[in-house]
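Beneath this line is the structure, given in structure tokens, with notes to follow.
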Amino acid sequence: MLIRENQKKAIDAEMVKKVKKSKYVKDFSVQAKESVFTQFSSKEKDPRAGYAATDTQVSILDSTNKQVASSNIDLLDGKLPSDSKVKNPVIVSQAYIDEYKVNIGDTLELELQNMDDSQTKKKFKATITGVFELTADNPDVLKQQEKTLMYANEKLVNTLKKENLAGQAPSPFTGYDKIKVELKDPADTDKFIAEMKADGGDYGWLEFKSSYGEFKTISEMIDKLISMFTTLKIVIFIVAALIISLVMLLSLRERKREIGLLLALGEKKVNILAQMFLEVAFVLIATFIISFGVASFVTTPLATNFVNEEMSTTISENDSANTGMPKGPNYVEDTSTKLDADTGIDEKNKLDITGALFVFLITLVITAISTLIPTMRLLKKSPTTILSTKE
């Protein structure tokens, strides 16, 4: 779940407090960043923009949970900002350590440049408490910026943002960029959003994004397919039972004289019953093997491809509908709200042997009933009665 501000109002401390108190929330992190100079910054003027571009970005890192963290990192040495007791803790990348020959415990000078007045500069001292490295699953754009990234606690980043924008009218830039939330149960997404908007809170300006909509779309499709196939299965059972019963009754009518002759020759009734049943059972087994083979190697692949194409089309349409403005070359896509699951059906895992055997046993029972009961009724008669009866 991602809560992101738009251009009307910033995500504020009140919103963070509501998220923290929510009974639906398992974990969350607030995200914000501020650009600064350090004593190692290159402050050459950009003639096109007319100002010195800051070269270091300080972001909040208040969680290492990959579901909600602003970035996925490996802490190589030291402590996270949230675990440190120094006043302004920051962690820097190994690339930063290698470039500027600094160590844990060293002091960095963070210099702000007010957006309204380029001559007004404010400086803060921060202490390096740890060294990190971005993991391989981070976007390539972020990996390229690794040397210029620093992570701090919420308090320091908020202070930097407020000081850098001091004297300006309130705007989205003064608050948090977004809040990532991991819910205890994804099915509570709608309840969580309703809770955030309750109690008179004016949160209509917030954008709530999650993979729950995608999950519901896929879930509804699967439920419809299950319902359709369940109905179809029941209909097939009923039709199969009727057809098998009719076929066996017709077969017995044609073989009455054969049964009568066997009885006249002294054949035991049990042997005749067994013969009739085994003949049908062998035919049923051969039919089942052929049917299962066709279902496994023809029907299942075709049905799987059809369902996967439908799911892919539906998801693509939803993604297209949510596409915003074109993104620049340095844009880092936040994929945390995308469904972290394979939405396709693997045909190799869908050959339900247990279900097929259940169908076979049910069919076998129906066949046995429709074969043995009429045969037993016929065997109650004498051979003379059977042979003399004309139908």
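Taken together, the values in this text are just the output of simple stated rules run on the coordinates, not laboratory data. Being a predicted model, the structure only gives us computed values, none of them experimental. Quick reminder, even Gly has a Cβ in these numbers, built from the backbone with ideal geometry, and neighbours come from all protein chains shown.
The figures follow:
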quantity: Fully extended contour minus Cα-Cα distance, from LEU246 to GLU310, at 0.36 nm per residue; calculated: 19.1 nm
quantity: Label point distance in nm, LYS101-ILE238, each placed 7 Å from Cα along Cα→Cβ; calculated: 8.7 nm
quantity: 5 angstrom amide H check on LYS33, placed H, neighbours 5+ away; calculated: ASP177
quantity: Stretch gain in nm, segment PHE40-SER227, where the contour uses 0.36 nm per residue and the Cα spacing is subtracted; calculated: 60.8 nm
quantity: Under the Karplus curve 6.51 cos²θ - 1.76 cosθ + 1.60, θ = phi - 60°, whole-Hz ³J(HN,Hα) for region 136-143, x wherever Gly or Pro sits; calculated: 5, 7, 6, x, 4, 4, 5, 4
quantity: Cα-projected label distance for LYS20 with LEU273, points at 7 Å along beta-carbon direction, nm; calculated: 7.9 nm
quantity: Calculated FRET efficiency for the pair THR354/LYS381, C-beta based, R₀ 51 Å, to 0.05; calculated: 0.75
quantity: From phi via Karplus (6.51, -1.76, 1.60), per-residue ³J(HN,Hα) for region 270-286 in Hz, x at Gly/Pro; calculated: 4, 5, 5, 4, 4, 4, 4, 5, 5, 4, 5, 4, 5, 5, 5, 4, 4
quantity: Förster radius 25 Å - calculated FRET efficiency between ALA295 and ILE373, Cβ distance, rounded to 0.05; calculated: 0.25
quantity: Long-range HN-HN contacts of GLU182 with modeled amide H, under 5 Å; calculated: LYS26, ASP27, PHE28
quantity: FRET efficiency, ASP55 to SER219 (Cβ-Cβ, R0 41 Å, nearest 0.05); calculated: 0.30
